[in-house]
2 protein chains.
Amino acid sequence: MSVKRKDLFVSIVGEENVKDSQAQLLAYSYDATANFQSKPDLVISPRDTEEIAGIVKICASEQIPIISRGSGTNLAAGTVPNQGGLIVLFNNMDEILELDMENLTITVQPGVITQNICDFVEDNGLFYPPDPSSMKISTIGGNVSENSGGLRGLKYGVTKDYVKAMTVVLPDGEILKLGGKLAKDVAGYDLMSLFVGSEGTLGIITEITLKLIPLPISKKTGIAYFNSLEDAAETVSAIIADKIIPVTLEFMDKGTIGAVEDFMKIGLPLDAEAMLLMEQDGNEEQVASDIQQMIRIAEQNGATSTAIASSNEEAEILKTGRRAALSALARKRPTTILEDATVPRSEIAKMVKAIQQIAVKYDVQISTFGHAGDGNLHPTCLTDVRDEEEMLRVEQALAEIFHIAIELGGTITGEHGVGEMKAPYLEWKLGTSGINVMKGIKQSIDPQNIMNPGKMFAKETKMRLVINNG
Amino acid sequence: MSVKRKDLFVSIVGEENVKDSQAQLLAYSYDATANFQSKPDLVISPRDTEEIAGIVKICASEQIPIISRGSGTNLAAGTVPNQGGLIVLFNNMDEILELDMENLTITVQPGVITQNICDFVEDNGLFYPPDPSSMKISTIGGNVSENSGGLRGLKYGVTKDYVKAMTVVLPDGEILKLGGKLAKDVAGYDLMSLFVGSEGTLGIITEITLKLIPLPISKKTGIAYFNSLEDAAETVSAIIADKIIPVTLEFMDKGTIGAVEDFMKIGLPLDAEAMLLMEQDGNEEQVASDIQQMIRIAEQNGATSTAIASSNEEAEILKTGRRAALSALARKRPTTILEDATVPRSEIAKMVKAIQQIAVKYDVQISTFGHAGDGNLHPTCLTDVRDEEEMLRVEQALAEIFHIAIELGGTITGEHGVGEMKAPYLEWKLGTSGINVMKGIKQSIDPQNIMNPGKMFAKETKMRLVINNG
């Protein structure tokens, strides 16, 4: 970036909050997504909303791309500055501003680590349910921009269900305040939901008020192994049909179980085709009754072994396997691609089988774990980005996974976002009309396309696959 | 409407589904909002999505306004055809299409009466929680277009929290399918939330998939009367602070209590300043414990009399008063204006006091009841539209109520919508930037402004009040 331009930014945030050494630019050239990289021109750490408004005004007049970035845990290349420009960090905006015990809300700056919010409110007997796996590292600003999910989505919903108010700096530098500490508000279009999950393409979120709920008193954990995917899927359906909505209902397939056992040596049954980890929270009697009933349902549906944790320590042991899933898989090959094709709950068995067949068809390694209760699966592909020929097969396999997910009434991404990586597939889900509506909105709010350009909207849509299953 | 134009519509839906006699046009010239009236040119009842697409294409090419209308229970003049045009009814599209017990969803056409959905799913052990007071008459399409609330909003949220998928006919006649039977979906902007509550200004919703939850097993009702508004408001705060989220927490002020007693003669305490009606649902022990604890909290906060219903019959008796509130008030004067200024829960006492002072200041009759748990109040103004001088004072009083609501961190409408009536006040809540973002979106999706024109966007914003409280 030219000295003159840099000086404009320095005049707003101070020398100490601007970085542009080659090492620093390199550090912000990628996120957690394999195989995407591009250097920004400058990295800036504003201290408040007004500074951000000033920065955006410069970018608007100079047409400089702006990429908001939390902790860079994004899995869809959503924070890679693929057209250069300015990375905006929130390390100077990481304060919890207010806990309102009367209205059950917390107001925070975007740079607060999500886990810190959870810990803080739990110390006050309250609960912020969204729990993306990255929550120990990721920021709430990132979570809101991505509408992050997590393990508790089935019972408690996702990030968007908890955003009550926000301050946004629009692409022209205007400051917009949306929402309030309100349970109901129908004054105008639901702009807040539009900004949640917009991946930094419509503006910069600079303050967030979140809804909290009372902390459940009790929690219990159970586990079940199955010799067939269908039995596990039947168990999921039967639990819901029995009117139980568990807080988590996690799934691992055979490949994942094997990888975990290989890594941890904790005695997992290597012949099992599927594992379900179940948790319920609420008041004590209800939790005890629900977890027993879920295990009973698993047994009725062919579970080969089951267990209920009788203490927190035992619960931690049961959870070890699922927690280690990604690390256990990731150590096997140089590159891990964590996908999140999502289907209706009723289609889980079909989806997992299809993934296994696709892996064989393209001769790639894919194991699947994920959130069975809400159909949010994580097919995890183990590969090596340096092997171009294999990467081509990986791409074909993933495209076919997206295709099947949509065929089954699902979506190309349940909780990771579109970013640059999935943009070419978005039209498969939304159709031309849907993409056009989105483009119109983007154009109306960000006519110069300075907000995270090259994300969400692809230059070219991938050809829709024609798969002959016959 | 010219014969030629009419014939175009007849050719799509058949003669029997088009109305244009003067009596018929008059019948669709108003909704439940006092003092707004304007005749449409034609009333049409399409039979499916494709017919609606055909109708919209004609309207687009001929620039004919289209007003979607459910049962016309709108309270913000949202369905009054103030620029003439075509009223689209859904009386031929009132089928429940599918109940999916595995994914816990129901798919319906927009013309289904909301109460019928509730009854149907309850017969299957499931629960659709949003319960606008109009639900016995209003259609689900209307509820979705208005993002209707209801009594259970505090615990269960509002309509938008239950919409999982929809089919929309866009203003160019294209058919757009959004969402799915999915707990998580972050593929692109949240267009579904944009259409929910957009009051027919962005397209016509022609099919809706709703999320269901298991039906709570048990329910209990309690009631408490207070000699001061503050005691009632303290009780609300203390209940929440005690980590109880009741299913309903309804409020009536002295004026409403008096009107109900006058109407029903059921022995309500006429000296009480406030009533709180409390309900909890869930499993039996929890419900019993919560309702006892809520009544205990009311007593600790100065309740002068309390009661817990020991049977369903007793519960119905306790609920009679609140249920009769609107009818009891409405019979007093020729015109009833039901408002829905909404504030954070912590500001209820201040808001109700302010409403009482405003009524005195402008010498108008306003009583307040509403949903205390979520701060959604219904100041109800009793007046006579034929008295122009009084109507001027009513308008001033309501404007001041909106002003105070916003000052207290609230909104001009919690659940009724903006329509034509509140459009001039919307900028008070959203600011110029917010209105501009909305206008940009409207312009990008409906560039000809044929979808419910004259709603949501005002020709002129009312001047912001300057109130000297000193």
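Karplus-derived 3J(HN,Hα) values for region A:33-46, using 6.51 cos²θ - 1.76 cosθ + 1.60 with θ = phi - 60°, are 8, 5, 6, 10, 7, 6, 7, x, 8, 7, 10, 10, 10, x Hz; glycine and proline are entered as x. Placing one equal scatterer on every Cα of region B:3-89 and applying the Debye formula, the log10 ratio I(q)/I(0) at q = 0.10, 0.14, 0.15, 0.18 Å⁻¹ is -0.22, -0.44, -0.50, -0.72. Residues whose amide H lies under 5 Å from that of A:Gly370, counting only those 5 or more places away or on a different chain, are A:Phe251, A:His378; hydrogens are built 1.01 Å from N in the peptide plane. Any idea what angle helix A:114-123 forms with the longest principal axis of chain A, computed on alpha-carbon atoms, 0 to 90 degrees, nearest 10? The angle comes out near 70 degrees.
Nearest 0.05, what FRET efficiency do B:Glu316 and B:Asp271 give at R0 = 22 Å with Cβ-Cβ as r? Walk me through the intermediate numbers first.
Numbers: r = 25 Å, r/R0 = 1.13.
FRET efficiency, B:Glu316 to B:Asp271: 0.30.
Under the Karplus relation 6.51 cos²θ - 1.76 cosθ + 1.60, θ = phi - 60°, what is the ordered set of whole-Hz ³J(HN,Hα) values for region A:49-65, x standing for Gly and Pro? Taking θ as phi minus 60°, the curve returns 4, 5, 4, 5, 4, x, 4, 5, 4, 4, 4, 5, 6, 9, 6, 9, x Hz for region A:49-65.
The lysines whose alpha-carbon is closer than 17 Å to the alpha-carbon of A:Lys350, local same-chain residues fewer than 8 away aside, are A:Lys254, A:Lys361, B:Lys181. Each residue of region A:405-419 was assigned a 3J(HN,Hα) from its phi angle through the Karplus curve 6.51 cos²θ - 1.76 cosθ + 1.60 (θ = phi - 60°); the sequence is 4, 5, 4, 8, x, x, 9, 6, 8, x, 8, 8, x, 9, x Hz, with glycine and proline shown as x. Put the Cα centre of region B:278-314 next to the Cα centre of region A:413-433 and the gap is 49 Å. Counted by neighbouring Cβ atoms within 10 Å, the residues A:Ile205, B:Ile213, A:Ile450 run from fewest to most as B:Ile213, A:Ile450, A:Ile205.
Give me the percent of Cα-Cα pairs in region B:269-386 that sit more than 25 Å apart, rounded to a whole number. Of the Cα pairs, 32 percent sit more than 25 Å apart. Treating the angle as unsigned and between 0 and 90°, give the value, to the nearest 10°, between the Cα long axis of helix B:3-13 and the longest Cα principal axis of chain B. The helix B:3-13 is inclined about 70 degrees to chain B.
Compute the long axis of helix B:229-241 from its Cα atoms, compare it with the longest principal axis of the Cα atoms of chain B, and write down the angle in degrees, 0 to 90, nearest 10. Its long axis makes an angle of about 80 degrees. Computed from the Kirkwood radius of its Cα pairs, the Stokes-Einstein diffusion coefficient for the protein assembly as shown at 37 °C and 0.692 mPa s stands at 113 µm²/s.
Listing A:Cys118, A:Cys59 from fewest to most neighbouring C-beta atoms within 10 Å gives A:Cys118, A:Cys59.
Amide H to amide H distances under 5 Å link B:Thr206 with B:Thr167, B:Val168, B:Val169, where only residues 5 or more positions off or on other chains count and H is placed in the peptide plane. The fewest-to-most ranking of B:Arg386, A:Arg152 by surrounding Cβ atoms within 10 Å reads B:Arg386, A:Arg152.
For chain A, the mean residue ellipticity at 222 nm estimated from helices alone is -11500 deg cm²/dmol, where every DSSP H run of n ≥ 4 contributes -39500 (n - 2.57) and the total is divided by all residues, rounded to the nearest 500. Residues within the reach of a label modelled at A:Arg47 (point 7 angstrom out along Cα to beta-carbon, backbone nitrogen below 17 Å), restricted to region A:105-126, are A:109-111. Principal semi-axes of the equivalent ellipsoid, √(5λ) from the alpha carbon gyration tensor of chain B, are 38, 27, 20 Å from largest down. Taking amide H as placed 1.01 Å from N in the peptide plane, B:Gly188 has its amide H under 5 Å from the amide H of A:Val418, each at least 5 places away in sequence or on another chain. Cross-link reach is defined here as a Cα-Cα straight distance under 20 Å, omitting same-chain residues fewer than 8 places apart; for A:Lys57 the lysines meeting it are A:Lys4, A:Lys6, A:Lys19, A:Lys177, A:Lys442.
Looking at the square roots a ≥ b ≥ c of the eigenvalues of the Cα gyration tensor of region B:217-322, which shape do they give, rounded for a/c under 1.5, prolate if a/b is larger than b/c, or oblate?
On the way: a/c = 2.27, a/b = 1.29, b/c = 1.76.
Note, shape of region B:217-322 comes out oblate.
Which order do the peptides B:4-12, B:339-347, B:131-139, A:432-440 come out in when sorted by mean C-beta neighbours inside 10 angstrom, highest first? Mind showing how you got there, number by number?
On the way: B:4-12: 15.6, B:339-347: 25.9, B:131-139: 20.7, A:432-440: 18.3.
Order by mean packing, descending: B:339-347, B:131-139, A:432-440, B:4-12.
Averaged over residues, the count of other Cβ atoms within 10 Å places the peptides B:66-78, A:227-239, B:36-48, A:103-115 in the sequence B:66-78, A:103-115, A:227-239, B:36-48, highest first.
Averaged across B:434-442, how many Cβ atoms of other chains sit within 10 Å of each residue's Cβ atom?
The per-residue average across the peptide is 6.
Readers should treat all values here as calculations from the given coordinates under stated rules, not as data from a laboratory. Since this is a predicted model, take the numbers as computed values, not measurements. Cβ: placed from backbone, ideal geometry, glycine included. Neighbour counts: every protein chain shown.
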